[in-house]
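Structure record follows, encoded as structure tokens.
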Amino acid sequence: MSTTAALWYFESVNLFKVLCPHKTRVMGDKHEFRRYSRDQFIYIPNDEASHIYMVVEGRVKIGHYLEDGKEVVSAILTTGEIFGELALAGEERRKDFAQAMENNTTLCPLSIDELKALMKDDKELSFRLLKLVGLRLMRLERKLELLVFKDARTRIIEFLKDAASWKGKKVGSETMIPTKLTHKDIAALTGTSRQTVTTILNELKEQNLIYFDRRKILIRDLNQLK
């Protein structure tokens, strides 16, 4: 497994299984899930960074705003994924926003104090979370590089390759990526337009490099995807 693939695989591990307080006898009785409606903000820039969150159900968009008010999306997260983890790296006030993308989006919040108590007793958990923070920073650097130096087609293709390394499943010589992402979502993540995403994905499909529908993207051969 390549270094990049190994990093993506690490992030795909469902940390919810080991972090959720409902699964911890010490905290389970007093802990509550939080539910959000579509487009409701979980936090916004300058809010206190006092919790990390795990997605139990639904989808969450992470992003920030440029000086001109333009929205830049850095991640779209779903069940089992965590966010707000930069509080572990010393973030006191949020620099980004987190927003529910679906009705009944359900989150499991964990205060930084609770998390530190868990980490104190679990060295493996500490290692995983620190690696996760580092990985997220690497992903942001990579995205910035693509946005600055690469054209739209390259950004979309690199997004597909990264998604394949992250969540792809081998099916013979092909790689299947289960996904709920719409063309609009992919456009937000790659700094392109929905029309551009649709055009490029259709071109790749016509060249028999990929196949896609509402539930998955199938890459015929990763080495041929250029």
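Taking region 110-162 as the region of interest, how many residues are acidic (Asp, Glu), surrounded by fewer than 16 Cβ atoms within 10 Å (Cβ to Cβ) and within 29 Å of Thr192 (Cα to Cα)?
Within region 110-162, the subset acidic (Asp, Glu) is 113-114, 121-122, 124, 141, 145, 151, 158, 162.
Checking the rest, the ones that are also surrounded by fewer than 16 Cβ atoms within 10 Å (Cβ to Cβ) come to 113, 121-122, 124, 141, 145, 151.
This time we only want the ones that are within 29 Å of Thr192 (Cα to Cα), so: 141, 145, 151.
Matching residues across region 110-162 total 3.
The conditions are (1) surrounded by fewer than 17 Cβ atoms within 10 Å (Cβ to Cβ); (2) in contact with an Asp or Glu (Cβ under 6 Å, 6 or more places away or on another chain), and Arg94 fails exactly one of them. Which is it?
Result: Arg94 fails condition (1) only.
Grab the helices (runs of 4 or more DSSP H) fully contained in region 144-221, keeping just those with 1 or more residues being over 20 Å from Thr78 (Cβ atoms) and out of contact with any Ser or Thr (no Cβ under 8 Å at 6 or more places or on another chain).
Values: elements: 152-167, 183-190, 194-206.
Passing ranges, in order: 152-167, 194-206.
Give the residue, chosen from Val55, Val18, that is at pLDDT below 90 and part of a strand (DSSP E or B). First the steps, then the outcome.
Working: Val18 fails: part of a strand (DSSP E or B).
Result of the check over Val55, Val18: Val55.
The values are calculated or read from the model by the stated rules, or taken from the named source; none is laboratory data. Since we're looking at a predicted model, the values are computed, not measured. Ideal geometry is used to build each Cβ from the backbone, glycine not excepted, and the neighbour counts take in all protein chains shown.
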